[in-house]
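**Student:** The structure's right below; bear with me while I get my questions together.
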Number of protein chains: 2
Amino acid sequence: MATDIPDIVIGRLPIYLRELTRLAEEGKQKTTSSHELGHRLGISSAQIRKDLSHFGEFGKQGTGYHIGYLTEQLSDILRLSSEWDVAVVGAGFLGHALAHYNGFLDRGFRIACIFDNDPQKVGEKMGELIVQPDTDLEKIIKHKQIKVAILAIPPHVAQPMTDRLVNAGVKALLSYAPIHLTVPEGVQVSYSDPVIQLQRMTYYL
Amino acid sequence: MATDIPDIVIGRLPIYLRELTRLAEEGKQKTTSSHELGHRLGISSAQIRKDLSHFGEFGKQGTGYHIGYLTEQLSDILRLSSEWDVAVVGAGFLGHALAHYNGFLDRGFRIACIFDNDPQKVGEKMGELIVQPDTDLEKIIKHKQIKVAILAIPPHVAQPMTDRLVNAGVKALLSYAPIHLTVPEGVQVSYSDPVIQLQRMTYYL
């Protein structure tokens, strides 16, 4: 794998993959083009061609991209060929929403377990999962060899929980806690804070 | 306001603001530096100084930034001096989580109303709000002059709902629906799709 590909390019690949899946679901066509993808995504076709060219030749001048083939290739590049088990930490309203979210299906991830430290929540059924006590977290994550986790807990407990997850073997962490997390090299963190996203937009209003 | 400031710079300002607020809450100090902020955020101090220099001179060589003053300035730049009313569309698990999220408090936003098209959900109490029928959406958004909305609805209804919101006057939209939305010029859209964020990380695993 090329290692000098800008992170911003990597960040667009999942968006291409999602749109290809949508095209396949619409079922009207077997091929697409950088122009069509660009039009649907509000991205220039040149950008799409350039992004994809980092990874090889996926299309042919004149005939474009075969949707099924490009989907497969992007899935491979993003290491989604087999499903990743995901641990959710926090069984509050957000944990609830994540446990019931059907958007993970067929996109490479499966919520495998959900934890909370509140005895009132432990044992509760959420979708097909049962909330586990966070004291069992290390044991379960190690046993299931879980590498991906989602934090749905308050900010003041996010860093210590991150440390515990990383020590248990987690390598990629999506955090909904509105706080910057410190992780060792080799561990990926991504953040989702609605206020940060809203503030970025109000600048333009 | 300078209009040629890269969007990526604008995107970092909310993160600086959040960290300044956190520093103020810790209450240990009245000033900070680009070095301290950078260390806490995993961003280089040169980057922080360069980002802020787009908007003026906020610090002094040797004494750094006054936390209270810089907080105020960034709030002004991001137009957060008065609170924005926010409409949430979708009262499912995610709408529930948003309505109960206390992370909006004191950060420039207030959930003012929540809508759903499901008669079973309309009338339900969520935090301090009552779920309203989506048929009243245009009337309420126009009456309250709401400019900011959050979409917490399934992808297949996201574009028509976006059109309705924009027609009613919404100018900034945060969407949790996993689909690209088309909006007229002058309307901001931001997306939150956990799978896109997870896929971007698994590339590196």
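The values are calculated or read from the model by the stated rules, or taken from the named source; none is laboratory data. Since this is a predicted model, take the numbers as computed values, not measurements. Cβ: placed from backbone, ideal geometry, glycine included. Neighbour counts: every protein chain shown.
**Student:** Any chance the range A:128-142 includes a residue that's more than 30 Å from B:Leu151 (Cα to Cα), among the polar types (S, T, N, Q) and either assigned by TED's automatic domain parsing to the domain that holds A:Gly11 or in contact (Cβ under 8 Å) with a residue 24 or more places away in the chain (or both)?
**Tutor:** No, the conditions are met nowhere in the range A:128-142.
**Student:** Residue by residue through the range A:136-186, note down the ones that are part of a helix (DSSP H, G or I), more than 18 Å from the chain's Cα centre (by Cα) and of a type in the set (S, T, N, Q).
**Tutor:** Residues satisfying the conditions are A:Gln159, A:Asn167.
**Student:** While we're looking at this one, here's another question. For the range B:10-51, how many residues are among the hydrophobic types (A, V, I, L, M, F, W, C), over 17 Å from B:Leu80 (Cα atoms) and touching a residue at least 40 places away in the same chain (Cβ under 8 Å)?
**Tutor:** Residues meeting the conditions: 2.
**Student:** Could you grab the pairs with beta carbons closer than 9 Å, sequence gap of 6+ or different chains, first residue in the range B:189-205 and more than 7 Å from every other protein chain (Cβ to nearest Cβ), second one assigned to a strand (DSSP E or B) and crowded, with 20+ Cβ neighbours inside 10 Å?
**Tutor:** B:Val189/B:Ala172; B:Val189/B:Leu173; B:Val189/B:Leu174; B:Val189/B:Ser175; B:Tyr191/B:Leu174; B:Tyr191/B:Ser175; B:Asp193/B:Ser175
**Student:** Restricting the range B:60-114 to residues that are outside any strand (DSSP E or B) and among the β-branched types (Val, Ile, Thr), which is modelled with the lowest pLDDT?
**Tutor:** Looking at the filtered set, the residue picked out is B:Thr63.
**Student:** So, in the range A:89-120, of the ones that are under 17 Å from A:Pro155 (Cβ atoms) and facing another protein chain (nearest Cβ under 10 Å), which residue ends up surrounded by the most Cβ atoms within 10 Å (Cβ to Cβ)?
**Tutor:** Applying the filter and picking the extreme gives A:Gly95.
**Student:** Output the residue which, of all residues in the range A:16-52 that are among the basic types (Lys, Arg) and within 14 Å of chain B (Cβ to nearest Cβ), is farthest from the chain's Cα centre (by Cα).
**Tutor:** This residue is A:Arg40.
**Student:** If we scan the range A:61-80, do we find a residue that is in contact with a helix residue (DSSP H, G or I) (Cβ under 6 Å, 6 or more places away or on another chain), free of Cβ contacts under 8 Å to residues at least 60 places away in the same chain and of a type in the set (Phe, Trp, Tyr)?
**Tutor:** Checking the range A:61-80: not a single residue is in contact with a helix residue (DSSP H, G or I) (Cβ under 6 Å, 6 or more places away or on another chain), free of Cβ contacts under 8 Å to residues at least 60 places away in the same chain and of a type in the set (Phe, Trp, Tyr).
**Student:** Just to be sure before I move on: is B:Ile153 buried (at least 16 other Cβ atoms within 10 Å of the Cβ) and of a type outside the set (S, T, N, Q) in the structure I sent?
**Tutor:** yes
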